[in-house]
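Where a number appears in this text, it was derived from the coordinates with a stated rule and is not lab data. Because the structure is a prediction, the values reported are computed rather than measured. No Cβ is skipped: glycine too gets one built from the backbone with ideal geometry, and neighbour counts run over all protein chains shown.
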């Protein structure tokens, strides 16, 4: 298993300790609110509290003052973010008494409550959705840190989601490549606090040895290939594909 | 030409054109898509875009940062049709040429992708984004035009890095060749002190430090000795 060094005894802020929401009827640019439910006395009173909102590489930081005197900024509009997708929030508690800000606690992957309806299948490892924006692409994987991967199928394919659920041709041709993309993402992103990453890597370990400890890219890719190969073997993907094609040809 | 955005049909045609080029066909760039009613649409921004020639992605980003300055571009940040229109408009200079033939990279370099790790590959969107935010401090990442190069590949691989001001400014200090338009010798490699090592080091300190707020000087003080050869050349 990979190990994380934690020199600063950094703690993790859990999802139930912070509640994000969006202000209703605030115009085109969303404005967020946050309710802190963590024990403020567990941290140094002069530690600084920051909220970050982000989507892809766009990021906006908001200064909430000190842990002992939380002061929400007046302007909480997300006017610097790419709003084309789901917004995620992070929380950081930082010791700024020294020259450099040391992270005391952090939590990532928070989402505003009104955003939750979008992901109606949170218990599933993989969300499958239909999309009209794929052009000539039959499918596309979209993964964001802190969220589960989403497999988008072109809405121009009749009954695509149902086919993905039951059709051996769909499953055999899409799932191995999708799984590979997911595992590469989680290795690349390397966020030890991302629950989804840990779930996916644990899932992968059910098909192969434990994941490589080193960051050696060749070793990682070989391990991923082994996972994909064992995954295909366990579900007889190639045999099922061949059988289905033969049945269709008859 | 008046700025528009490509529709999904325009994007499909653009993608097909790229695929045909990759398949070895010798084709004219389908510029008609740029103002055809079927393949593109008018947008709220009323702007004329120049057919200027650029010497680097930095120059292109600079032009765009000026063009879009003080315009309300917020809603276009993740808009595939908007940024891909620019890439098609300037495609002849953005496309790599091999043995006299256009030889494009994968679509994400010209058609803005929504996938992780691919969006930063867009030649136009990323150039604008970096120059708009960092000005000439990002020159070292955008010194080429038709290819991205190793430095951009490494620096743009992590979404957090591009949004951390001190991180980009220290990278500029490390790798920008003084008085030149490009980067220092050795910065395009993968050895000690290279951008690849810089990104790996940032991944380590991210767990301990709040580097989003750190200045380039604060970060420089923490740099391991392997980077000193690039610092000395500043």
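Here are some notes:
- Each 5 Å bin from zero up to the one holding the largest Cα-Cα distance in region A:174-250 carries the following percent of pairs: 3, 15, 24, 22, 13, 8, 6, 5, 2, 1, 0.
- C-alpha long axis of helix B:123-134 to longest principal axis of chain B, angle in °: 40
- For region B:165-207, the orientation-averaged shadow of the C-alpha convex hull comes to 3.2 nm² (one quarter of the hull surface).
- Applying 1/(1 + (r/R0)^6) with R0 = 35 Å to the Cβ-Cβ distance of residue B:218 and residue B:136 gives a FRET efficiency near 0.95.
- Summary value for chain B: 17 percent relative contact order, contacts being C-alpha pairs under 8 angstrom separated by 6+ residues.
- Pairwise FRET efficiency - residue A:124 versus residue A:31, Cβ, R0 = 35 Å, nearest 0.05: 0.65
- Taking one quarter of the surface of the convex hull spanned by the alpha-carbon atoms of region A:137-218 gives a direction-averaged projected area of 6.3 nm².
- Percentage relative contact order, region B:1-118, counting C-alpha pairs under 8 Å, at least six apart: 36
- You can think of it this way: the chain between residue B:225 and residue B:98 has 41.8 nm of extra reach, that is 0.36 nm per residue less the Cα-Cα gap.
- 25 °C / 0.890 mPa s Stokes-Einstein diffusion coefficient of region B:1-138, Kirkwood radius on C-alpha pairs, µm²/s: 162
- For the pair region B:22-78 and region A:140-191, the centres of their Cα atoms are 31 angstrom apart.
- The order of B:21, A:92, A:19, going from fewest to most other C-beta atoms within 10 Å of their C-beta, is A:19, B:21, A:92.
- Folded to 0 to 90 degrees: helix B:195-205 orientation relative to chain B principal axis, Cα: 60
- P(r) for region B:67-174, from all Cα pairs and a bin width of 5 Å, is 2, 12, 22, 24, 21, 13, 5, 1, 0 %, short bins first.
- Once divided by 2.2 N^0.38 Å, the Cα radius of gyration of region A:194-237 becomes 1.17.
- Rg ratio for chain B: its Cα radius of gyration over 2.2 N^0.38 Å, N being its residue count, equals 1.06.
- Helix-only mean residue ellipticity at 222 nm for chain A, each DSSP H run of n ≥ 4 adding -39500 (n - 2.57), per residue, nearest 500: -9000 deg cm²/dmol
- Taking other Cβ atoms within 10 Å as a rough exposure proxy, B:50, B:99, B:172, A:229 sort from fewest to most as B:99, B:50, A:229, B:172.
- Mean projection area, nm², convex hull over Cα of region B:133-234: 6.0
- Extension gain for residue A:177 to residue A:96 (0.36 nm times residue separation, less C-alpha to C-alpha distance): 24.7 nm.
- Cα Rg, Dmax, chain A, angstrom units: 21.5, 75
- Cα long-axis angle, helix B:57-67 against chain B (0 to 90 degrees, to the nearest 10): 70
- Contact order, relative form, for chain A: 15 percent (alpha carbon pairs under 8 Å, 6 or more residues apart, mean separation divided by residue count).
- Kirkwood radius for the protein assembly as shown, taken over all pairs of different Cα atoms as the inverse mean of 1/r, rounds to 24.5 Å.
- For chain B, adding -39500 (n - 2.57) for each run of n ≥ 4 DSSP H residues and dividing by the number of residues yields -11500 deg cm²/dmol at 222 nm.
- Computed FRET value (nearest 0.05) for residue B:28 with residue B:52, which takes r as the C-beta separation and R₀ as 35 Å: 0.95
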